[in-house]
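Structure first, then comments.
Read the figures in this text as sums done on the coordinates, not as results from a lab. A quick note: this is a predicted structure, and the numbers were derived from the prediction, not measured. Cβ atoms come from the backbone with ideal geometry, glycine included; neighbour counts cover every protein chain shown.
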Amino acid sequence: MAYINGIGIVSPQLTVESKGFPTEVMEYTADYLKCIEPAYRNYIDPIQSRRMSRLIKMGIAAAKISMADAGCTMPDAIITGTGLGSVEDTEKILSDITKDEKFLNPTPFIQSTYNTISSQVAIQLKCHNYNSTYVHRTFSFESGLIDSLMQMEEHTASQILVGAIDEMTMNHLQITRRIGQWKMEPVNNLRLLENMTPGALAGEGAAFFVLGKEKNGSAYANLKDVKTCINIKGSFNPNKEISTFLGNNGLDARDIDLLILGNNGDCENDPIYAQFADHYFPGKALAWYKHLCGEYHTATGFGLYAAACILKNRVYPEILHLNKVQPKKFENILIYNHFRNTNHAFLLVQGF
Amino acid sequence: MDELINKLKKEVIEQLNLEEISPDDIDPDSSLFGEGLGLDSIDALELIVLLEKNYGIKIEDPKDGKKIFHSIRTMAEYITEHKK
Amino acid sequence: MPKRIFITGYGIISCIGSNIPENLNSLMRSAPGTGPLLHVDTILRDEVLVGEVPKTHQELFELAGVAPVEGYSRNALLGIIAATEASAHGRLGENTGLKTGLISATTVGGMDRCELFYKDFLENDSRNIYIDSYDCADSTEKIAARLGIHDFVTTISTACSSAANAIMLGARLIRNGRLDRALVGGCESLTKFHLNGFNALKILDKEPCKPFDQHRAGINLGEGAAYLVIESEESMLKTRNTPLCELAGWGNACEAYHQTASSPDGEGAFMAMKAALEMSGLKPADIDYINAHGTGTDNNDLSEGRAIERLFGDRIPKVSSTKPFTGHTTSAAGSTEAILSVFCLLYQVIWPNLNFTERISELGFTPVEKLLTGIPVNAVMSNSFGFGGNDTSLIFRKVNASNANNVNNADNADNANNAGNAGNAENIEN
């Protein structure tokens, strides 16, 4: 377990400006939900940012916001998760080498390496401590959280900066539309569930958390446990996984007050969430969040932010409601996410 | 020479994405690296690409960059000498 | 007391061999595998020397035992080949009640196919089956599916230290009780993408690379995959596996200095090596050999050399870089060199630092120049450092009567030799 002591979120919502979960909701009709970027000069020296592409700046800004929020100046570890890293830089190189391989600048290559953000944050903080990056689709951020929780148990760290970063570009959207990942035309994010069609609404974001062994004065919640389950030829048994996961934490399904689901508007993916909720958590309050940030490999970062705000403020914002049930208490929130029924993940978050 | 110096200033700012700096901020004789503009080894590589792309000048050994890229003026002199 | 972690299986494919015995044989003959680039279409072809696995895509399918279908990157095939060898050797297909994980490392991922088909991706549907291989998880999931590993699966990318961090994470997951055993390592195939990237950084050598030499001129990039089976003592009681050696220590630190350059005094390298040493409980004098990161660049070798001098003082162990043999296999380097280090413990040898002629003037030591045989090697340190200053150091220790309690204490080298058959093992999920 680890306390969530600070949070920094760059997202398509007004998450940088808001204290707590934003009350004003941004509505878009778009191919994908794009982040509202902060004024980077507030977070990064312009000379230092000269070689940073958009995702890197988003990541560093979110990291710095979370550290300021937690009052943390030097973490004992920096860990990031990203499904795709800097897509913009990778595309720049692909487009250059597909043409003539001439006049190539080193910068896009340096930035296309996935560990750029964790190491850039380390450079900014002069932090020599443990540093790592996970790059496994929707397990990327979750793996970083598991690493963090283990470090708390190993007593090798008492404060960890852990982040979830991914970006979308129009090019990448077009490419991955070919394999049915996304909706084929612009949709309204607040009406995402009205017309269920194939494909999700894509998005992006940078979410950083300062996790602590001890809770600070403004702590949000307690990240109790995280579990990832890969489904290989039917190896994923939700019944067994969920009861073991909750059981290991001294709980059963009845103890869960709110289930936060990863619904993304894809008529092929979303029924898995409905079945899961109906089967194992009947009658429970259900929430969702991907209409606010879109779907991307590390979107659970936004989900964890929502859970942490709910538990801290003991307020359940209406924009997150997926059904009409109200949580009876604000004690145990389970976040469940899956990608193509292959990568399943659970996060257990507790109030205090 | 002055014309080339002014052109180079603009190109360097664009190539290195020095958003906050205007051509007037750069003294043609002051050092680009270290104490001066604070550029580093990656910027030097980007400047090598700039010379190749805009002036057709190829620098084989990046170590030569140190002298050539000392200041905007040394760059301009090198270009004048080597331009085909 | 924290659980001890043992290595009980390994598998490798590199430019010096497609399996464990072939790699060992090349090393014993001091025969490097670098040469001209054949399988990547690039204008850099005449300007680079590389450690390329001398197999076509078709030949890799055959070695991997995978029916040649669309959708497999070279990276995934290299990964499957080495992972299958390691899995068979460490008998991951048996004792399925044990919690088993896969932690794989890659950075270039399936870029080898994506760069070929990128135009199609943008323009038409003809290569859609390769779109998924764009990300780093693709090769990992293909390995997991092939070997039926599902208790924990993830992918690490910290550039050139990725596979060392995968080994470290696997060990921590076992210590923590989340796993009993794990298949850990990395894979990377040569691509136009990163050949151009390293070329833009002007750190590629056209000649055979010369790590730790005064006249070193850069890297020979390489490709390959290497995986190790690691497990706890409790797991070994069930698997009855014989340990090849113990993973005695690990350390991860960050330079926090520059995006690509190492600091002049090698602070990150120093901290990573020091942490690994402290964890292992060994003294500097107990380290018999350092398999250095030693890329052959001006910057790395001086920085790493200084860090070694800082940590070991005037008692510097034997040092060599094996990158002149294999090329720099980037994300697979950590596990490739872990296996080369394990060989040293098993066969009591130290690999030479090929192509060395003149000591770096700023350093007081020279690397091992000729193959050393029949000398006591009880502990080896292996360094892997990456862009962004992501530095990791691992320590491997020989298992012998004095430090083995519950471990199945058969002859380690016998187990190692059995690996010769592992390369032909059938797909264990059948």
Q) Where both partners of a DSSP beta bridge lie in segment A:222-350, what percent of those bridges are antiparallel, to the nearest 5? A) 70 percent
Q: Please identify the helices of chain A, taking whole runs of DSSP H, that span at least 20 Å along their own axis as judged from the Cα atoms and have a mean Kyte-Doolittle score of -0.5 or higher.
A: A:54-70, A:140-154
Q) Which whole-Hz ³J(HN,Hα) couplings does segment C:265-277 yield from phi under the Karplus relation 6.51 cos²θ - 1.76 cosθ + 1.60, θ = phi - 60°, glycine and proline marked x? A) 9, x, 4, x, 4, 4, 5, 5, 5, 5, 5, 5, 5
Q) On average over all directions, what projected area in square nanometres does segment A:2-212 have, based on the convex hull of its Cα atoms? A) 13.0 nm²
Q: Would you kindly calculate the mean projected area, averaged across all directions, of the convex hull enclosing the Cα atoms of chain C, in square nanometres?
A: 18.7 nm²
Q | P(r), alpha carbons of segment C:79-140 - 5 Å bins starting at zero, rounded % | A | 4, 16, 20, 17, 13, 11, 9, 6, 4, 1
Q.
Using a 10 Å cut-off around each Cβ of peptide A:120-130, what is the average number of partner chain Cβ atoms that fall inside?
A. 5
Q: Of the options A:A30, A:V121, A:V187, report the single residue whose Cα projects farthest towards the positive end of the charge dipole of chain A (beta-carbon charges: Lys, Arg +1; Asp, Glu -1).
A: A:V121
Q.
Checking the table C:K3/C:K398; A:K34/A:K329; C:K192/C:K274; A:K92/A:K183 against a 27 Å threshold on Cα-Cα, which pairs fail?
A. A:K34/A:K329; C:K192/C:K274
Q. Going by average Cβ neighbours within 10 Å, how do the peptides C:157-165, A:18-26, C:206-214 rank, with the highest at the top?
A. C:157-165, C:206-214, A:18-26
Q. Expressed as a whole number of Å, what is the distance separating the alpha-carbon centroids of segment C:378-401 and segment B:36-84?
A. 40 Å
**Q.** Ranked list, fewest to most other Cβ atoms within 10 Å of each Cβ, for A:Y43, A:Y296, A:Y114
**A.** A:Y43, A:Y296, A:Y114
**Q.** Residue with peak Gaussian network fluctuation, chain A [Cα springs, cutoff 10 Å], from A:L304, A:L211, A:L320
**A.** A:L320
Q | Other protein chain Cβ atoms within 10 Å, averaged over every residue that makes up C:249-258 | A | 6
Q.
Quick check for me: using +1 on Lys/Arg Cβ and -1 on Asp/Glu Cβ, what's the dipole size of chain A about its Cα centre, in debye to the nearest 20?
A. 240 debye
Q: Would you calculate the volume per residue, in Å³, of the smallest convex hull containing every Cα atom of segment A:222-350?
A: 97 Å³
Q | Antiparallel bridges, percent of DSSP beta bridges restricted to chain C (to nearest 5) | A | 65 percent
Q.
Nothing charged except the Cβ atoms of Lys and Arg (+1) and of Asp and Glu (-1): what's the magnitude of the dipole of chain B about its Cα centre? Round to the nearest 20 debye.
A. 440 debye
Q.
Projecting each Cα onto the charge dipole of chain A (Lys/Arg +1, Asp/Glu -1 at the beta carbon, about the Cα centre), which of A:S143, A:L322, A:I4 comes out farthest on the positive side?
A. A:I4
Q) Using the alpha carbon gyration tensor of segment C:1-157, what are the three equivalent-ellipsoid semi-axes (square root of 5 times each eigenvalue), largest first, in whole Å? A) 28, 23, 14
Q. Rounded to the nearest 5, what is the percent of antiparallel bridges among the DSSP beta bridges in the protein assembly as shown?
A. 65 percent
Q) Placing +1 at every Lys and Arg Cβ and -1 at every Asp and Glu Cβ, with all other atoms neutral, what dipole size does segment C:90-201 have around its Cα centre, in debye to the nearest 20? A) 540 debye
(Q) Rounded to two decimals, what is the ratio between the C-alpha radius of gyration of segment A:11-135 and 2.2 N^0.38 Å? (A) 1.17
(Q) Please compute the average number of Cβ atoms from other chains found within 10 Å of each residue's Cβ in peptide C:130-136. (A) 6
Q: Identify the residues of segment C:380-396 with backbone N under 15 Å of a label point that sits 7 angstrom from the Cα of C:D286 along the Cα-to-Cβ direction, or state none.
A: C:380-382, C:394-396
Q) Any idea how far apart A:E101 and A:N248 come out in nm if each label point goes 7 Å out from Cα toward Cβ? A) 4.7 nm
Q.
Give me, ordered by chain and number, the residues 5 or more places off C:I5 or on other chains with an amide H under 5 Å from its own placed amide H.
A. C:L247
Q) Per residue, how much space in cubic angstrom lies within the convex hull of the C-alpha atoms of segment C:120-220? A) 156 Å³
Q: Mind telling me which of A:F236, A:F139, A:F281 comes out most flexible in a GNM of chain A, alpha-carbon contacts under 10 Å?
A: A:F236
Q.
Viscosity 1.567 mPa s, temperature 4 °C: what is the translational diffusion coefficient of chain A from Stokes-Einstein with a Kirkwood Rh over Cα pairs, rounded to a whole number of µm²/s?
A. 64 µm²/s
Q | Separation between Cα centres of segment C:172-192 and segment C:256-270, rounded to whole Å | A | 25 Å
Q. Which distance in nm do the two modelled labels at C:K99 and C:R315 give, with both placed 7 Å along the Cα-to-Cβ direction?
A. 4.0 nm
Q | Longest to shortest principal axis, alpha-carbon extents of the protein assembly as shown, angstrom | A | 79, 76, 54
